[in-house]
Amino acid sequence: MRAPRMHLAALLMAALPAAAAPPPDFAHQIAPIVYRACAPCHRPGGTAPFALLTYADVSKRVAQIAAVTRTRYMPPWLPEPSSVSFEGERRLTDEEIRAFADWAAAGAPEGSARDALLPPQLPSDWQLGTPDLVLEAPAALDVPAVGPDLYWNFVLKPNRSATAYVRAMEVRPGGGPGLVHHANLLVDRIGSSHNREIAPGKGFGGMDLEIMRSPFDPPGNFLFWKPGSVFHQEPDGFAWRLDPGDELVLNVHLRPTGKLEKLKPLVGLYFTDQRQTRYPLLVQL
């Protein structure tokens with residue numbers, strides 16, 4: 001009778017459900033995602049309104065994070081999923097989104113603090129290091145607390161005595177979180193933009209700069225900033241030319257935040273000895 005009993009025990013064990021996988025925890029599954037996709041903006045001095053660098057930071061917002069990642073509202077990434085990959089892509093995978101949902105459902109367990117990654121060492125100043133040339137808006141713009149969106153153009157004068165080639169640029173728009181929606185840097189080859197200023201150094205308003213019918217150069221259509229931007233060098237051969245007499249126009253889209261603010265942006269330029277050999281082409285659709 002021993003053999004049948006052993007067979008019966010084996011059948012009963014086989015019928016038992018498999019042990020459920022443990023829920024994700026912060027130390028092992030959540031922290032790596034947060035540090036890659038969230039922390040570059042959600043840090044002290046960043047463009048986001050709060051930091052996400054520690055377990056305490058993240059766990060107290062677990063429901064909110066699960067909701068905004070489920071809808072792909074965060075992290076902000078507009079291109080639809082496809083076979084094309086982009087440099088600096090921050091789209092979460094389906095598995096990462098599910099990890100946030102499962103973590104929230106499990107009550108946001110921390111896991112072993114000894115196993116957790118250290119928060120990333122993010123730059124508090126210029127992302128690309130000290131620029132070769134820093135251009136500051138000559139005068140601050142007073143942004144009202146309430147009202148419609150505002151578009152403003154700051155005219156920057158590099159005052160170059162010789163042609164330089166710019167391998168990278170970085171924009172530090174200033175202002176509080178949410179004030180600057182995005183900014184574009186335009187290259188004026190004629191150096192006449194200052195003639196449109198409301199007063200010397202004060203800049204001028206407006207969104208439509210008539211780029212296609214003006215002296216603005218095509219490289220300016222590829223130089224932009226938005227919250228969360230990761231700055232990088234131009235590809236080989238695409239360093240853009242900065243000639244004596246050129247002016248740069250920083251076109252900024254502003255959204256009042258409920259309090260009076262002053263905006264005085266900075267633009268950092270990084271030079272290279274390599275001349276431009278490849279040229280962008282603007283196709284307007």
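A few points about this structure:
- Output for the range 99-138, where each listed residue is modelled with pLDDT of 95 or more and over 30 Å from A63 (Cβ atoms): P131, D132, L133, V134, L135, E136, A137, P138
- Qualifying residue in the range 6-25 (condition: at pLDDT 85 or above, in contact with a Phe, Trp or Tyr (Cβ under 9 Å, 6 or more places away or on another chain) and part of a helix (DSSP H, G or I)): no
- Residues of the range 169-216 satisfying the condition of being more than 28 Å from W126 (Cα to Cα), among the hydrophobic types (A, V, I, L, M, F, W, C) and either under 26 Å from the mean Cα position of the chain (by Cα) or modelled with pLDDT of 90 or more (or both): I198, A199, L209, I211
- The condition of being at pLDDT 85 or above, at positive phi and part of a loop (DSSP other than H, G, I, E, B) holds for G258.
- Residues that are of a type in the set (G, A, S) and loosely packed, with under 12 Cβ neighbours inside 10 Å are absent from the range 130-144.
- Applying a threshold of 7 Å to beta carbon distances and a minimum spacing of six or more residues, or different chains, the list of pairs starting in the range 230-255 at a residue that is of a type in the set (S, T, N, Q) and ending at one that is in a strand (DSSP E or B) and crowded, with 18+ Cβ neighbours inside 10 Å reads Q233/R167; Q233/A168; N251/N153; N251/A183; N251/N184; N251/L186.
- Leading residue by the ranking (surrounded by the fewest Cβ atoms within 10 Å (Cβ to Cβ)) among those in the range 249-285 that are in contact with an Asp or Glu (Cβ under 7 Å, 6 or more places away or on another chain), closer than 14 Å to V166 by Cα and not hydroxyl-bearing (S, T, Y): F271
- Qualifying residue in the range 99-121 (condition: aliphatic (A, V, I, L, M) and closer than 29 Å to H181 by Cβ): no
- First in the range 165-194 and on the phi > 0 side of the Ramachandran plot, second anywhere and surrounded by 17 or more Cβ atoms within 10 Å (Cβ to Cβ) and among the hydrophobic types (A, V, I, L, M, F, W, C), Cβ under 6 Å, 6 or more apart: G174/L263; G175/L263
- You will find that of R90, R70, R114, the residue that is charged (D, E, K, R), closer than 26 Å to Y270 by Cβ and surrounded by fewer than 19 Cβ atoms within 10 Å (Cβ to Cβ) is R90 and no other.
- 1 or more residues out of contact with any His (no Cβ under 9 Å at 6 or more places or on another chain) and of a type in the set (S, T, N, Q): qualifying helices (runs of 4 or more DSSP H) within the range 36-145: 55-59, 62-70
The values are calculated or read from the model by the stated rules, or taken from the named source; none is laboratory data. Quantities reported herein were computed from a predicted structural model and do not represent experimental measurements. Cβ sites come from the backbone with ideal geometry, for glycine too, and all protein chains shown count toward neighbours.
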